[in-house]
Structure formats: structure tokens, C-alpha cells
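Undergrad: Sending over a structure as C-alpha cells; questions will come in a sec.
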Amino acid sequence: MRSAECGMDRALVERDAQHRGSNLPVQFRIPHSALRILLVCATAACGSSDGPRVTVTVASGATLDAAVDSLAANRVIDHPGLFRVYAKLRGLGGSLKSGVYLLRQDEAWSDVVGALERGRGVEQRFTVREGLRLGEIADIAQRGLRIPRDSFLDAAQDSALLAELGVPDEAASAEGYLFPTTYLLPQRIGAHELVRVMIHQFLEQWSPDWQARLDSLHFTRHQLVTLASIIESEVRYDPDRPFISAVYQNRLKRGMRLEADPTVSYAYGRRLKRVWEKNLAVRSVYNTYLHAGLPPGPISQPGRASLAAALYPADVPFLYFVAQADGKHIFSATYAEHLAAIRRVKEMRRAARAPRRPGR
């Protein structure tokens, strides 16, 4: 139906253009400038609607101008001034509905106006915290959004979708590229649309100057995201991020194995409460105790802070760290210092477990 209406709109404009060049009598003539505007509006109203989806929020009580600004900022429309005229002609000014909308960039104007008139965007919150794994996101999507777990995992492994969104070819799934934050989503969002929105958010968070930094580090984006995901999985105390990044990058430069416990846990396919000596022998390409270098891909979703830490490690010579009970780490430059730090942590743990005498 929409394509037929659009075809009619364009045909009327084009027929008027033909009349202008003929000797047939017409009741009125449209100035060239106005005719160009009509052609732009007719084309945009039809639209292709094949761009990536983005979320657009129209606040309660927002004016048409505010809504148009939000649409333009998210690149849903390219000509805000003309769209404003088009929307007013369609009567949108008095029937604008607030809400959160999932719209395509360069979406057909007629579809945009229709959505804002009907109030199609009924929001729901969806929160993904830093460090969650793909399977864990699938679980909360099933609970919170009623998206079947298998459907979400299939969408996150859809190679055509990943390629369309610019995820590196070496990525086997969207693991690492589903940006952790709180989303405001329309009701009944599908698995592919959710993956699309989350990856788009990751790309939005990627700062333009980060690409140049990648080149100086001799990392690909996929390697950087992989490293950031390990940092995210290690850190409990935020100021430690650039130091943990430094440890891993110093190890990579020296050809040392990373020996990162979170990669061992990931190799098991489930969260391990604690990584024991017996776990370190698990046969997996993700086990960085057995294999040198980075694992083949991310092991969780890194937040912006971990991405930045991976890009800008602290300028320190540390090669080792051990976690204390409070989540903070002790960093060491030599193995002897590291062993002493381990003894110190064990002593602190024993002291914490020791019963206190009455009155003390």
C-alpha cells in the first residue's frame, strides 16, 4: 500500500513537470524551487527503509521541532527542514506521541510520521552490564524481552548480519560487540533487531581517534576488543584497568603467555566460582595458560572504560598481579616480587579468617 501511495505522489509531481514543458493549459504553475522541494519530499516519503535501526526518544510533551532534531541527530532523516514541512502537512504537529521508537536510518518519511502518529514506540528497559557473556545476555533477553534464547544466539551468530554491521570478519559471533548499557526499546523487538541495536551502540561508542591508536599499538579492532574483554573480566576495582592492561600488553610484547583466569572459565563454557590448578589444563584455544597470545575472540562484553584501558595502558613495567580480598590488585615487575605479593595476600586472608578474642 505504501509503495502505491508513494508512486502516486511521485507521478503527480512528475506529471506536473511534464505539463510545464508542454503547451497544455494548466490551472496553476509551480515555481521551479517549489517543484524541487516537492520532488525531494516525494522521494523521501517513499524511502528505501534498508538502513540500520536506531532508537529515537521523543520525550513527553516534546514539540515537533524537538522530535525533528532527535530524528536528524540519529540520521533517521537527512533534511530536517523539509521533513518539518512534510510532517506539518501530514498533521503531525497536533498528534505527536511520545515514546521510544526503533527506526531505520533514512527511513521513509511516511513511515516515520505514521509511527509518531500511532505512538508505536512503547518503551521497555533492557540492561546489560559490563562483563556479561553472550549466553548470559541471551538468558536475560529471554526473561526480560521474551526473545527465545536460541533465536538470540542465532541472530548473534548470523554472519550476514555481522558483516552488514561492520563486525570484523574474524569474529565468529557478536561476542564482545554487544555494548553493555541500559537500552530503551520498543515492545516486541525481535532477536535480529536487538543484536542490531546493541552492535550499533558499540559502533557509536567507538571514538574516531581510537582507530589511529590501534595502528600505533599494531592491533586490529578485534584483537583490541578481545583484550578489553579480558580486562573487563578481571577488574573489580576501576583504577586497576590501565595497570592490568599494561601487564597483558607487556606479556604480549615479551612472548609470554597471558595466563588469564577468565579465559579458562570461558573455555569451560560456564562461570567458575574459582579457577583451580586442575582447571588450567582444559583443552581449548581460549585457555591462555596453554596457548600464547590472545584468544581467538572476546570472552565478554567490555564497557567503554575497558576499551579505553586496552587502548591506553599505564606506562609501567609490571608483568604480574594478584587479587586481594577487596578486589584490588597488587602489581609486580618480577616473579620474586609476585611470589612475595601472593604470600602477603594469603597472610591477609588467614588473618581475616582468624577468630577475634572477646573484647578486641
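Undergrad: For ASP238 and ALA59, FRET efficiency with R0 = 45 Å and r from the beta-carbon atoms, rounded to 0.05?
TA: After rounding to 0.05, the efficiency reads 0.90.
Undergrad: Residues of region 266-316: accessible area per residue at 1.4 Å, in Å²?
TA: 56
Undergrad: Going toward the positive end of the dipole of region 85-184, with +1 on Lys and Arg Cβ and -1 on Asp and Glu Cβ, which of SER110, LEU132, LEU162 do you reach last?
TA: It is SER110.
Undergrad: Taking all pairs of distinct Cα atoms, average 1/r, flip it, and tell me the Kirkwood hydrodynamic radius of region 240-318 in Å to one decimal place.
TA: After inverting the pairwise mean of 1/r, the radius is 13.2 Å.
Undergrad: If you don't mind, another one. Given a 1.4 angstrom probe, I'd like the percentage of the accessible area of region 207-253 that is carbon and sulfur, rounded to a whole number.
TA: 50
Undergrad: Give me the number: length gained by fully extending GLU193 to GLU164, i.e. 0.36 nm times residue separation minus the C-alpha to C-alpha distance, one decimal in nm.
TA: Here the segment from GLU193 to GLU164 would lengthen by 9.2 nm.
Undergrad: Using all C-alpha to C-alpha distances in region 161-271, build P(r) with 5 Å bins and read off the rounded percent in each one.
TA: Histogramming region 161-271 at 5 Å steps yields 2, 9, 17, 21, 21, 16, 9, 3, 1, 0, 0 percent.
Undergrad: Give, rounded to the nearest 20 debye, the magnitude of the charge dipole that region 149-214 has about its Cα centre when Lys and Arg contribute +1 at Cβ and Asp and Glu contribute -1 at Cβ.
TA: 240
Undergrad: So, one more: Would you mind telling me the share, in percent, of accessible area of region 83-182 contributed by carbon and sulfur at probe 1.4 angstrom?
TA: The computed percentage sits at 44.
Undergrad: For GLU204 and VAL285, calculate 0.36 nm times their separation in residues minus their Cα-Cα distance, and state this gained length in nm to one decimal.
TA: Roughly 26.1 nm would be gained on extension.
Undergrad: Roughly how big is region 58-206's charge dipole about its Cα centre, with Cβ charges of +1 (Lys, Arg) and -1 (Asp, Glu), in debye to the nearest 20?
TA: Roughly 780 debye for region 58-206.
Undergrad: Grab the alpha carbons of region 115-222, take their convex hull, and tell me the volume per residue in Å³.
TA: Roughly 114 Å³ of hull volume per residue.
The values are calculated or read from the model by the stated rules, or taken from the named source; none is laboratory data. Bear in mind that the values here come from a model prediction, so they are computed numbers and not experimental data. Virtual Cβ from ideal backbone geometry, glycine too; neighbours counted across all protein chains shown. Only protein heavy atoms, including side chains, enter the accessible area calculation; ligands, DNA and RNA are left aside. Shrake-Rupley method; radii C 1.70, N 1.55, O 1.52, S 1.80 Å.
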